[in-house]
Structures are given as C-alpha cells and as structure tokens.
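The values are calculated or read from the model by the stated rules, or taken from the named source; none is laboratory data. Being a predicted model, the structure only gives us computed values, none of them experimental. Glycine also receives a Cβ, built like all others from the backbone with ideal geometry; neighbour counts cover every protein chain displayed.
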Amino acid sequence: MSRGSPILETVTLHVPFRVVKRGGRKEMQLPKGAVQPQRMDNTLVKALARAFRWKRMLDSGEFATIAELAEREGIAPSYMTRVLRLTQLEPAIIEAVLEGRQGGDVTLARLMEPFPLSWSDQKDTFSGP
C-alpha cells in the first residue's frame, strides 16, 4: 500500500458548543442565538402510543371497562384515565408532539392535568403547532 501525495489544503471546522450534565446525562449546549434542532419527547410519545392502544382495546370490546384493562396492565385506573385523556388532544398538537415541534408547555406532566376538551381552547392553552 503506497501513500499518495499529502493533501495541501486542510479544512478546519469550528463548532462552538459545550457539554453539560443534566440529570446524569450529557447534553450538547449551543451558544445563545444558535438554532437548536427539535427533540422528540420520548416519554410523551410513549404515553400517546399507550393512550391510543388502550382506547383501541376498549373500543374493540376486548375490555369492557377501564378498571378491567388497568388491572390487566397492572396500573391504577386513575392513571389510565388520565393517560386516555391524551386521545382527546387536537390532532395538530398530537402531530407536533410526534414530530418533536411541540411548544415548551406541552409536556406529559402538563397534559396529565385537566385540559380543555375543545380543540380551539386547546390551541389557546398550549403553544403547540
């Protein structure tokens, strides 16, 4: 194996960022003013997936009640009810969550609290899409 001629031009790329620890995880922090890529909230996506799966199981008649399904899943019926409420979110908010472009106030903790059932009121409540 022979070496070719050395490359005379070198390109240097400078990317200003720093590594910070958050909750035991390392994250890249860009300087102020830099556009950060959107990140999908995996916890929220997982909760949405569970909510729609449970709704489908109830709608199909596989389980007659939320209590019966909750027992089968090994969780509290009150928790299941709060998660099932996610299926009533306005479709554009759900789409934004799945694409990782939801507003900062669209978090699982916030969505587990009561929110308006009206889609237009939800748009006003959440800064979503």
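Conditions tested, residue by residue: (1) within 21 Å of residue 104 (Cα to Cα); (2) outside any loop (DSSP other than H, G, I, E, B); (3) without any contact (Cβ under 8 Å) to a residue 24 or more places away in the chain.
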position	(1), (2), (3)
11	no, no, yes
20	yes, yes, yes
27	yes, yes, yes
34	yes, no, yes
40	yes, no, no
Quick one: would you say residue 116 is outside any helix (DSSP H, G or I), over 20 Å from residue 49 (Cβ atoms) and at pLDDT below 95? yes
Checklist (1) in a loop (DSSP other than H, G, I, E, B); (2) at pLDDT below 95 applied to residue 95, failing item: (1)
From the list 88, 102, which residue is surrounded by fewer than 17 Cβ atoms within 10 Å (Cβ to Cβ), within 23 Å of residue 120 (Cβ to Cβ) and among the polar types (S, T, N, Q)? 88
